Amino acid sequence: MASRIDLEDCLTWEEDLPRPQWDLLASYVEQLPDEQRREAWYGLVQQWVARLAESLGPQYDQYVTRTITLLSPPTSPAPPRLVELAQACRSSLEYLLPGIADFHDHSSLIVILDDEETYYRYLSAFYPEGEHGASAGVCIREGHPHIAIRNYRTTSIGRTLAHELTHASLTHLELPQWIEEGLAQMFEHEVGGADDFALTSRDAAKHKAYWGQHGLDDFWRGDGFNRSGRVQTLSYQLADVLMRILLEDHKPRWFGLSKGKQRELMAFLREARVEDCGEEAARTHLGFGLGDRASKFLGPGQWDVSI
């Protein structure tokens, strides 16, 4: 059981915060019988969260259910509301992306950091030195996947939570970044309870001008999402637009009774790979190349994936 493994023997410290050695812990857990491993991981995560709460300060509290573990400062929105929203997001993602969104019956760990300085101090162990785009929340895949969010207004936290839970539900796949970010952007607006996505004709003109000059290589390969400034904003917007086009083209037909098109899209999502930006999976399961769908928004141009 989890109580037989002491997390303290497997901790390192960076920026005065505990960082578990997950590979070492995994070797311990793998020695347990199969039926005990899930509880062992759950117990280890609870030990880590308790230790992290001590290190961040006495104002941090834990809120635990079987599906959500939340570490939150008193200045954050009401924890019961956040836990309820997180549970609703998990259920909605599993329903709307059948066979794709998968939390593997694990509890989702959400860490809300009290201010910007603490937030970036927490993230420093997971990112190499250098310039990175700003963020309000991150799904951290290293070690034990979890979500870190910078504390701010209730409505914004809800949208960020929906966005990052989408990433968490897709960690078992190897999706190109444009697909993941497109899905996450959509659910940020829709599952997060704020379906306010809209691009004006002026916004569309900016996309056509920028991508027409620079091409889509940075977008397809994900580089644009990790840069600060204009290209990051345009990349997130374009990902959202393209995933909306794909989902609209492949939604269930005949009052939801005919789901063949939806199954094609789910097969594309299961098999899309980073190496070719999803091009082969698109041609196999959707019957067209990615540049074809980009042209539906950007108009005629050289939008094909360069492999």
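Throughout, read-outs are computed from the coordinates displayed, never taken from laboratory work. The model shown is predicted, which means the values in this text are computed figures rather than measured ones. Glycine also receives a Cβ, built like all others from the backbone with ideal geometry; neighbour counts cover every protein chain displayed.
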Quick one: what Rg and Dmax do you get for the chain from the alpha carbons, in Å? 20.5, 62
Enumerate the amide H contacts of Leu109 below 5 Å, restricted to partners 5 or more residues apart or on another chain; note that Pro and chain-start residues carry no placed amide H. Thr69, Ile147
At 222 nm, what helix-only mean residue ellipticity would the chain give, in deg cm²/dmol to the nearest 500, using -39500 (n - 2.57) for each DSSP H run of four or more? -15000 deg cm²/dmol
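Please order Thr233, Thr75, Thr200 by the number of other Cβ within 10 Å, starting at the fewest.
Ranked by crowding around the Cβ, least crowded first: Thr200, Thr75, Thr233.
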On a 0 to 90° scale, report how tilted helix 177-189 is relative to the longest principal axis of the chain, with both axes built from alpha carbons and the result rounded to the nearest 10. 80 degrees
Just rank Leu32, Leu298, Leu70, fewest to most, by other beta-carbon atoms within 10 angstrom. Leu32, Leu298, Leu70
Spin-label proximity, Glu116 to segment 217-254 - amide N less than 20 Å from point 7 Å beyond Cα toward beta carbon: 226-233
Pull up all non-local amide H partners of Asp115: gap of 5 or more, or a different chain, and H-to-H distance under 5 Å with H placed in the peptide plane. Asn151
Amide H contacts under 5 Å for Arg19, restricted to residues at least 5 apart in sequence or on another chain and with H modeled in the peptide plane, are Thr12, Trp13, Glu14
Cross-link partners among lysines for Lys259, C-alpha distance below 27 Å, same-chain residues fewer than 8 apart left out? Lys251, Lys296
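Give me the number: length gained by fully extending His172 to Arg51, i.e. 0.36 nm times residue separation minus the C-alpha to C-alpha distance, one decimal in nm. Walk me through the numbers on the way to the answer.
Values: separation 121, 0.36 × 121 = 43.56 nm, distance 2.73 nm.
Stretched fully, the His172-Arg51 segment lengthens by 40.8 nm.
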With label points set 7 Å from each Cα along the Cα-to-Cβ direction at Asp292 and Glu8, the distance between them in nm comes to 6.2 nm
Cα-based convex hull, segment 154-307, per residue volume (Å³, whole number): 128 Å³
Per-residue ³J(HN,Hα) for segment 136-150, Karplus 6.51 cos²θ - 1.76 cosθ + 1.60, θ = phi - 60°, Hz, x for Gly and Pro: 9, x, 9, 8, 8, 9, 5, x, 8, x, 7, 10, 10, 10, 7
From the phi angles alone, apply the Karplus equation (6.51, -1.76, 1.60; θ = phi - 60°) to segment 271-284 and give each ³J(HN,Hα) in whole Hz, x where the residue is Gly or Pro. 10, 5, 10, 4, 4, 10, 6, x, 4, 5, 5, 5, 5, 6
How big is the charge dipole of the chain about its Cα centre, in debye rounded to the nearest 20, if each Lys and Arg gets +1 on its Cβ and each Asp and Glu gets -1 on its Cβ? 1220 debye
Take the alpha-carbon centre of segment 69-94, take the same for segment 100-122, and report the distance between them in whole Å. 11 Å
Förster-model FRET efficiency, 25 Å R0, Ser124 and Val274, C-beta, rounded to 0.05: 0.50
